[in-house]
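Report on the following structure.
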Amino acid sequence: MNSSENVSSEQNFVSQTALDQMVNSDRCQLMKAAVPYLPPSGRRIVSLYTKVQELANTARLFSAEEQGMEICAASVPNTDPLSMLEDIRRFCYGESRRKLDEMVNMMAIVQMMQMMRT
C-alpha cells in the first residue's frame, strides 16, 4: 500500500460530531473500540475511564465561558435547515434517524410545492 492509499484509508473513520472531535483522542477511540473484547471488569474500568476523559476534556474546552461561545460559533456554518438536518443525520441511527428522514422528506415536499407555486 502506498502512502496516498494509507492516508485515504485513515480518512475512513466513524463519523464523529464536532464536539466529539474536540474532546476525544485517537487513543480514547481505540480504547472504546476494544471494550467489547475485554473481560467484564475491564469493560467497566475502560468505559468509565474514557468517559471521564471526555468529560474532563469537555470541561477544559469550555472552561472559559467566552472561549466556549467562540468555539460554538466558529463550528456552526450558516446553512439552510435541510443541510443542517442532513449533516446531523450522519450521527444518528435507529428511531432518531428515521424521524430525521421523515423531516427531510417533509421539507423536500414543501420545497417542491413552493417551486410549483412560482
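Brief remarks follow.
- Looking only at region 10-30, and only at residues there that are hydrophobic (A, V, I, L, M, F, W, C) and either modelled with pLDDT of 90 or more or not in a helix (DSSP H, G or I) (or both), the one that is farthest from the chain's Cα centre (by Cα): F13
- Tallying residues that are farther than 26 Å from D87 by Cβ and touching a Lys or Arg at 6+ places or on another chain (Cβ under 6 Å) within region 16-58 yields 1.
- Answer residue from region 11-57, given it is hydroxyl-bearing (S, T, Y) and surrounded by 10 or more Cβ atoms within 10 Å (Cβ to Cβ) and is farthest from I88 (Cα to Cα) among those: Y49
- Some residue of region 83-97 being under 17 Å from the mean Cα position of the chain (by Cα), surrounded by 11 or more Cβ atoms within 10 Å (Cβ to Cβ), part of a helix (DSSP H, G or I) and modelled with pLDDT under 65: no
- In region 99-118, the residues that are assigned to a helix (DSSP H, G or I) reach residues that are surrounded by fewer than 11 Cβ atoms within 10 Å (Cβ to Cβ) with C-beta atoms within less than 7 angstrom, at least six apart or across chains, in these pairs: M107/P81.
The values are calculated or read from the model by the stated rules, or taken from the named source; none is laboratory data. Bear in mind the structure is a predicted one, so any value in this text is a computation, not a measurement. Here Cβ is always computed from backbone atoms with ideal geometry, including for glycine, and neighbour counts include all displayed protein chains.
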